[in-house]
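J.: Supplied in structure tokens, the structure appears directly below.
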């Protein structure tokens, strides 16, 4: 059986001015097929923002996305994801563990897990019941410092391997752009997770989403 066509997994910029960003997001969500929106907010130094900032962002952005049938995932915080009506959470290896996140959110929520370049961590997450595993960063990225951590730099063949041995979907993340996304889609990515590749695209986010749609069209 052939796998479904890859889809776009959109991630917010780490810092947003809500009044300006909300209409940009609305326009972007209408530009093409977007599976989900991860709300991922960080301070300029990479540290977490305060809970009130997260709450305000979710209250504004979550309804916009859900109106377009786009699932909303909150980064790192299953407790706030539950309280604020998100569809699920994305957790890293240093965040709340999968079992605790699942217990907080229940069986119907989406729980995805970062696995970097580790096949072992991915299999553990998949066997535990994660709804998806995320590999990356595949390319240089402006949203995370992976230059000192070679364990976080997989090659595309990890996506092919995952498709051959496991059933949950896999997400490719890290420096993904319309120019390199086809490499990851061809290797087996079910979703391409993109932040700056959309928001900082030279022709704007709408053009970026349309460019990704052209990649995905070859698999439909």
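Laboratory data are not the source of any read-out in this text; all were calculated from the coordinates shown. Values in this document were obtained by computation on a predicted structure and should not be read as measured data. Neighbour counts run over all protein chains shown; Cβ positions are idealised from the backbone, glycine included.
J.: Tell me, in nm to one decimal, what length is gained between residue 79 and residue 219 on full extension, where the rule is 0.36 nm per residue of separation less the Cα-Cα distance?
T.: Details: separation 140, 0.36 × 140 = 50.40 nm, distance 3.63 nm.
So the extension gain works out to 46.8 nm.
J.: OK, next. At a Förster radius of 22 Å, what calculated FRET efficiency corresponds to the Cβ-Cβ distance of residue 15 and residue 66, to the nearest 0.05?
T.: About 0.45, to the nearest 0.05.
J.: Using the Kirkwood radius built from alpha carbon pairs, what does the Stokes-Einstein equation give as D for the stretch 25-71 at 20 °C and 1.002 mPa s, in µm² per second?
T.: My calculation gives 184 µm²/s for D.
J.: Would you mind ranking 202, 102, 3, 153 by Cβ crowding within 10 Å, fewest neighbours first?
T.: If I rank by nearby Cβ atoms, fewest first, I get 202, 3, 153, 102.
J.: Most fluctuating residue of 105, 124, 184 in a GNM of the chain with Cα springs under 10 Å: which is it?
T.: Between 105, 124, 184, it is 124 that shows the largest mean-square fluctuation.
J.: Computed FRET efficiency, Cβ-Cβ of residue 49 and residue 103, R0 30 Å: what is it to the nearest 0.05?
T.: 0.75
J.: Given points 7 Å out from each Cα along the Cα-Cβ axis, report the residue 183 to residue 207 separation in nanometres with one decimal.
T.: Taking the two extended label points, one gets 2.2 nm.
J.: Say each of residue 127 and residue 27 gets a label point 7 Å from the Cα, pointing the same way as Cα to Cβ; how far apart are those two points in nm?
T.: Here the modelled spin labels are 4.9 nm apart.
J.: Listing 177, 155 from the residue with the fewest other Cβ atoms within 10 Å to the one with the most, what is the order?
T.: Placing the least packed residue first, the sequence is 155, 177.
J.: How much length, in nm to one decimal, is gained on full extension between residue 119 and residue 5, taken as 0.36 nm per residue of separation minus their Cα-Cα distance?
T.: 38.7 nm
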